[in-house]
Amino acid sequence: GSLWLLDHLYPPGAGTYPSLEAWTLATALLADTRTLRVGHLTLNAQLRHPALLAKMAATLDHISGGRLDLGLGSGSYAEEHRRAGIRFGGLADRSSRLDEYLAALHSIFSSSPASFTGSYFTIRELPCLPLPVQETHPPIHVGGIGRETTLPTAARWADTLNVPAYGVDKLPQIMRAADAACEAIGRDPASLRRSIQAVLVCVAEDASLPAALDTARRRYGGSGWNLESAGYFGTPDRIAERMLEHRELGIDQFVLLPFDRGKGEVLSLLAEEVLPRCA
């Protein structure tokens, strides 16, 4: 199993809600567990220089015995950047920066010392020892569905493309576009794994579903979560059926946000009732 974290200075739209810094939290979780994999969907490439992140990732990969997943994104919440005084930039600029960021990471993970020259980053004979435990680096996940930007970047640099909740109801088209992005650079599309993010509203019986959905709408009602069109809701048999439908479309990893935030029975239902049906 795996656990995925957000990477924000504060929860978007909820600045009064307490939250912990994502990389520090990942370190604590990996140090205190033995089999759990931990990643972020996604780390904000605006917040950390690639040379620093590469060193952080290599270190945490060693601490955890190779249980780190490395999710990267271009930054998604402009207001957070404005409040912190951190440059945000337009979509084209952030997308170009992310592509170069990933290229720099690959360069650092490929050899030590590493050199890289780009428009945003310049690295000269930089050692990064020890290199990560995982060959040749922690699995890299890129999240998004943009045909002109994100999908080509994922095809070039990612091990896994993550489709955020807002794109799940367009999966067939996105899968075809991801295949085309791979083929355009001569990459076997089957080598790019696919994952999705979705809100999970799993209940033991149908009678409990209306109240659970009301809670889910309060907590995940924004358009970005796409609850009504892309959410997983129902009893375990319905959740399993929907997961199998998405598996047929090429999805092999599911990142689910339990509507009860892990404080109720959803995780138990997932482990004991849903996953056995998907085996």
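For the reader, a short list of remarks on this structure follows.
- Accessible surface of the chain [probe 1.4 Å, protein heavy atoms]: carbon and sulfur percent: 53
- Accessible area per residue, Å², the chain with all protein chains present, probe 1.4 Å: 48
- Shape class of region 22-127 from the Cα gyration tensor (axes a ≥ b ≥ c, square roots of the eigenvalues): oblate, since a/c reaches 1.5 or more and a/b does not exceed b/c.
- Length released on extending from L91 to L20, taking residue separation times 0.36 nm less the Cα-Cα span: 22.9 nm
- Highest-fluctuation residue, T150, T27, T136 considered, GNM on the chain with Cα pairs under 10 Å: T136
- In Å², nearest 10: area of L244 left accessible to a 1.4 Å probe: 70
- For the peptides 154-161, 199-206, 120-127, the ranking by packing is 154-161, 199-206, 120-127, with the highest mean count of neighbouring Cβ atoms within 10 Å listed first.
- Residue-level accessible surface for F109, protein heavy atoms, 1.4 Å, Å²: 10
- Structure-based [θ]222 nm, the chain - -39500 (n - 2.57) summed over DSSP H runs of at least 4, per residue, nearest 500: -11500 deg cm²/dmol
- Considering only the chain, percent of DSSP beta bridges that pair antiparallel, nearest 5: 10
- The antiparallel fraction among DSSP beta bridges confined to region 3-123 stands at about 25%.
The values are calculated or read from the model by the stated rules, or taken from the named source; none is laboratory data. It should be emphasised that the depicted structure is a prediction, and the values quoted were computed from it without experimental measurement. Neighbour counts run over all protein chains shown; Cβ positions are idealised from the backbone, glycine included. Just so you know, the surface numbers come from the protein's heavy atoms only, side chains and all, with ligands and any DNA or RNA stripped out. Shrake-Rupley method; radii C 1.70, N 1.55, O 1.52, S 1.80 Å.
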